[in-house]
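K.L.:
Have a look at the structure that comes next, please.
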Amino acid sequence: MRRRDFLAAGLAGLAAAQAAKARRPNIVLIYADDVGYGDLSCYGATAVRTPNLDRLAGAGLQFSNVHASSATCTPSRYSMLTGQYAWRKKGTNVLPGDAAMIIPPGTPTMASLLKAEGYTTGVVGKWHLGLGNGNVDWNGEITPGPREIGFDYSFIIPATGDRVPCVFVENQRVANLDPADPISVSYTTPFPGEPTGKDNPQLLKMHPSQGHNQTIVNGVSRIGYMKGGKSALWVDEDIADRLTAKALSFIDLNKAKPFFLYFATHDIHVPRIPHQRFVGKTTMGPRGDAIAELDWCVGEVLKALDKHHLTNDTLVLFSSDNGPVVDDGYKDQASEKLGAHKPAGPLRGGKYSIFDAGTRVPLLARWPGHIRKDSRSDALISQTDFPATFAALAGGTLPVGASPDGVNVLPALLGQSKTARRQLVEHAGTLALIEGDWKLVSPSNGARRNEATNTELGNSKEPQLYNLAEDLGEATDLAAKYPDRVRAMTAMLEKIRAGSN
Ligand code: NG6
Ligand code: CA
């Protein structure tokens with residue numbers, strides 16, 4: 001080729017590459033907390049209406065066989081961000097609010113992979129992956145944090161709504177902190193003079209049913225002790241508004257270039273204290289009203305995308321970090337007012353459980369022009385697949401060692417393929433393997449039930465085998481009937497556990 005032709009070809013190639021890059025969608029991942037498979041009206045709920053989530057479902061693809069990696073928050077989030085099953089890594093169980101960050105800086109995450117492809121990345125909402133190196137000074141810069149694993153912008157609840165410190169951390173500094181009123185946090189020792197739920201129940205507007213009886217913030221006692229930071233303390237009733245406002249301003253500020261927003265709502269985790277606007281929206285008390293509030297948050301994001309004419313250029317995903325729980329430690333009438341609502345829909349178990357309700361969660365995906373509206377998929381997908389899938393969507397390749405347990409499920413996510421994974425591991429204390437229609441639960445010594453939350457955990461000293469195609473509710477254990485299948489699936493689970501997928 002002559003030099004001029006060579007240059008022209010090169011330029012054309014560059015233009016094509018740029019055009020291809022220009023078509024890459026923004027990604028908004030809305031990640032709810034403790035929302036069960038039966039909690040949304042598009043998944044069959046009738047006691048609560050979720051019109052915005054239903055609109056999202058109707059404009060895109062609704063999945064029926066998608067799993068959080070684990071039946072609690074921290075491990076699910078760890079797996080979803082890194083693409084590595086959390087059960088492979090020690091220290092990834094539910095964390096206290098003063099824990100060190102469990103994703104080492106530099107680990108490839110869904111955020112860093114997209115950042116490497118030119119996306120501006122942000123996280124707004126619940127973090128619960130630890131911050132700092134183990135001895136956080138909440139009054140200075142908190143590092144490492146989201147920035148060190150690929151987020152350009154962060155506005156986070158450090159752990160959970162029920163754990164101290166009850167403050168937002170924006171770009172790794174406590175937001176609205178008055179330096180004259182520094183924050184101290186301890187998970188072992190109360191601060192003299194600071195009221196606790198245990199000793200001052202008369203100060204509470206919501207009482208614990210289990211634990212949650214330490215420092216009182218905004219009339220609610222929490223897990224852990226804190227003092228100081230008065231101007232920075234959140235007001236539970238305003239959390240959804242505060243987070244949604246930050247999510248919308250991130251979209252507004254970054255609308256000109258590809259962006260990735262991980263919007264991790266506080267709803268519907270305890271303490272469930274929705275804004276007055278949502279109180280009484282359902283007959284189910286705070287748990288139902290928190291679902292209505294969550295739906296509002298989703299609606300605000302969809303409206304903002306419409307307003308900025310970004311709807312057709314944005315892949316919106318909605319999912320949850322683990323299954324549902326009714327009483328999770330506060331007396332909020334969730335059990336009394338549940339009525340006929342089935343938070344797990346047809347599934348057995350719930351949050352904390354190795355039965356399917358622990359990890360099988362809603363997933364909605366919308367990208368007009370790319371995902372057919374009003375479609376359904378029963379492809380088997382793990383949230384652990386998101387990093388590899390997002391990287392593929394952005395046109396990137398995975399660095400060696402990145403996302404070791406993730407699969408690129410882009411064709412299934414866009415509805416172009418009906419199938420995704422062949423198998424997947426569920427985690428809730430013990431492990432379970434789903435392979436096609438079958439599910440094997442590994443034997444364990446864990447309790448069968450959690451009496452405090454009234455959950456069937458699903459543990460048994462014997463292996464259990466279920467046929468999910470015929471028995472989605474895991475009512476009939478077929479292990480005794482099919483010992484060969486139990487043996488084969490046990491061997492496969494061992495192989496995966498040993499590290500080869
Ligand atoms: C439990 C808490 C529960 C919730 C959960 C973590 C008690 C009695 N229960 O230990 O309220 O915080 O941890 O939830 O303290 S998660 O969704 O963040 O995993
Ligand atoms: Ca959760």
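Since every read-out is calculated from the coordinates, none of them should be taken as a lab result. All figures in this text were calculated on a predicted structure; none of them were measured in a lab. Heads up, the Cβs are rebuilt from the backbone with ideal geometry, glycines too, and the neighbour counts pull from every protein chain shown.
K.L.:
Quote the FRET efficiency, to the nearest 0.05, computed for A100 versus N171 with a Förster distance R0 of 25 Å and r equal to the Cβ-Cβ distance.
P.N.:
Details: r = 19 Å, r/R0 = 0.76.
So the FRET efficiency works out to roughly 0.85.
K.L.:
If the chain between K89 and T46 were fully stretched, how many nm would it gain, using 0.36 nm times the residue separation less the Cα-Cα distance? Walk me through the numbers on the way to the answer.
P.N.:
Values: separation 43, 0.36 × 43 = 15.48 nm, distance 3.93 nm.
Net length gain for the segment: 11.5 nm.
K.L.:
Another one. Determine, from the Cβ-Cβ distance of A180 and L253 and an R0 of 30 Å, the FRET efficiency 1/(1 + (r/R0)^6), rounded to the nearest 0.05.
P.N.:
Values: r = 31 Å, r/R0 = 1.03.
E(calc), rounded to 0.05, equals 0.45.
K.L.:
Between T397 and S417, what FRET efficiency follows from the Cβ-Cβ distance if R0 is 30 Å, with the result rounded to 0.05? Please report the intermediate quantities before stating the final value.
P.N.:
On the way: r = 20 Å, r/R0 = 0.68.
Plugging the Cβ-Cβ distance into 1/(1 + (r/R0)^6) gives 0.90.
K.L.:
When the helix-only estimate is applied to the chain (DSSP H runs of n ≥ 4, each -39,500 (n - 2.57), divided by the residue count), what is the mean residue ellipticity at 222 nm, nearest 500 deg cm²/dmol? Could you put the intermediate results ahead of the total?
P.N.:
Details: 9 runs with 109 residues, N = 501.
Counting only the DSSP helices, I get -7000 deg cm²/dmol.
K.L.:
Follow-up question, since we're still on this one. Which order results if S320, S375 are arranged by neighbouring Cβ count within 10 Å, fewest first? Please report the intermediate quantities before stating the final value.
P.N.:
Numbers: S320 30, S375 14.
Going from sparsest to densest Cβ surroundings: S375, S320.
K.L.:
Calculate the radius of gyration of the Cα atoms of region 352-454 to one decimal place, then report Dmax, the largest Cα-Cα distance, as a whole number, both in Å.
P.N.:
Looking at region 352-454, its Cα Rg and Dmax stand at 16.1, 50 Å.
K.L.:
Further, regarding this structure: Using the crude model of +1 on Lys and Arg Cβ and -1 on Asp and Glu Cβ, and no other charge, please compute the dipole size for region 308-425 relative to its Cα centre, in debye to 20. Can you show the working numbers first?
P.N.:
On the way: 13 positive and 11 negative charges, 81 e Å.
It comes to approximately 380 debye.
K.L.:
Using amide H atoms built in the peptide plane, which far-off residues or other-chain residues are under 5 Å from S154 H to H?
P.N.:
Amide H neighbours of S154, under 5 Å, 5+ apart: V123, N171.
K.L.:
Over all Cα pairs of region 184-227, how is the pair count split among 5 Å bins, expressed in % and running from 0 up to the last occupied bin?
P.N.:
6, 29, 37, 19, 8, 0
K.L.:
Region 315-382: D in µm²/s via Stokes-Einstein (Kirkwood Rh, Cα pairs, 37 °C, 0.692 mPa s)? Don't jump to the answer; show the numbers that get you there.
P.N.:
Details: Rh = 14.1 Å.
This corresponds to a translational diffusion coefficient of 233 µm²/s.
K.L.:
Kindly work out what percent of the DSSP beta bridges joining two residues of the chain are antiparallel, to the nearest 5.
P.N.:
Expressed as a percentage, antiparallel bridges in the chain total about 55.
K.L.:
Counting other Cβ atoms within 10 Å, keep those with at most 11, restrict to DSSP loop, and tell me which GluC sites (Glu not before Pro) in region 455-501 are left.
P.N.:
Working: sites: E456, E470, E474, E494; in loops: E470, E474.
Qualifying residues, ordered by number: E470.
K.L.:
Which loop-located trypsin sites (Lys or Arg not before Pro) does region 460-501 contain, where loop means any DSSP state but H, G, I, E or B and the Cβ has at most 14 other Cβ atoms within 10 Å? Walk me through the numbers on the way to the answer.
P.N.:
Values: sites: K461, K481, R485, R487, K495, R497; in loops: K461, K481.
Answer by residue number: K461, K481.
K.L.:
Based on Cβ point charges of +1 for Lys and Arg and -1 for Asp and Glu, what charge dipole magnitude is obtained for the chain about its Cα centre, in debye rounded to the nearest 20?
P.N.:
Values: 54 positive and 51 negative charges, 281 e Å.
With only Lys, Arg, Asp and Glu charged at Cβ, the dipole is about 1340 debye.
K.L.:
Then there's this: Please arrange H266, H308 by counting, for each residue, the other beta carbons lying within 10 Å of its beta carbon, fewest first.
P.N.:
Numbers: H266 27, H308 16.
Fewest to most other Cβ atoms nearby, the residues stand as H308, H266.
K.L.:
Taking a quarter of the surface of the convex hull around the Cα atoms of region 425-497, what do you get in nm²?
P.N.:
Value for region 425-497: 4.9 nm².
K.L.:
Using a cut-off of 21 Å between alpha-carbon atoms, which lysines can reach K373, once sequence neighbours fewer than 8 places away in the same chain are excluded?
P.N.:
Cα-Cα hits under 21 Å: K303, K307, K418.
K.L.:
Using label points projected 7 Å from each Cα along Cα→Cβ, tell me how many nm separate D199 and V235, to one decimal.
P.N.:
So the label points at D199 and V235 sit 2.8 nm apart.
K.L.:
Then there's this: Would you tally the net charge around T188, using a Cβ to Cβ cut-off of less than 15 Å, leaving T188 out, and scoring K and R as +1, D and E as -1? Walk me through the intermediate numbers first.
P.N.:
Values: positive: R163, K198, R222, K227; negative: D98, E194.
Summing Lys and Arg as +1 and Asp and Glu as -1 gives +2.
K.L.:
Simple spin-label model, 7 Å along Cα-to-Cβ: D477 to A447 in nm?
P.N.:
Calculated label separation equals 1.9 nm.
K.L.:
Under the Kirkwood approximation for Rh and a Cα-based Rg, what ratio Rg/Rh is obtained for the chain? Before the final figure, lay out each step's value.
P.N.:
Details: Rg = 22.6 Å, Rh = 23.2 Å.
Radius of gyration relative to Kirkwood radius: 0.97.
K.L.:
Restricted to Cα positions, what overall size does region 149-212 have along the principal axes? Three whole-Å values, descending.
P.N.:
42, 29, 23
K.L.:
Within region 24-104, report the trypsin sites (Lys or Arg not before Pro) that DSSP leaves as loop and that have at most 10 other Cβ atoms within 10 Å. Could the numbers behind the result be given before it?
P.N.:
Values: sites: R49, R55, R77, R88, K89, K90; in loops: R49, K89, K90.
Answer by residue number: K90.
K.L.:
Within a 10 angstrom radius of the beta carbon, how do I183, I291 rank from fewest other beta carbons to most? If you can, show how the numbers build up before the last one.
P.N.:
Values: I183 22, I291 32.
Lowest count first: I183, I291.
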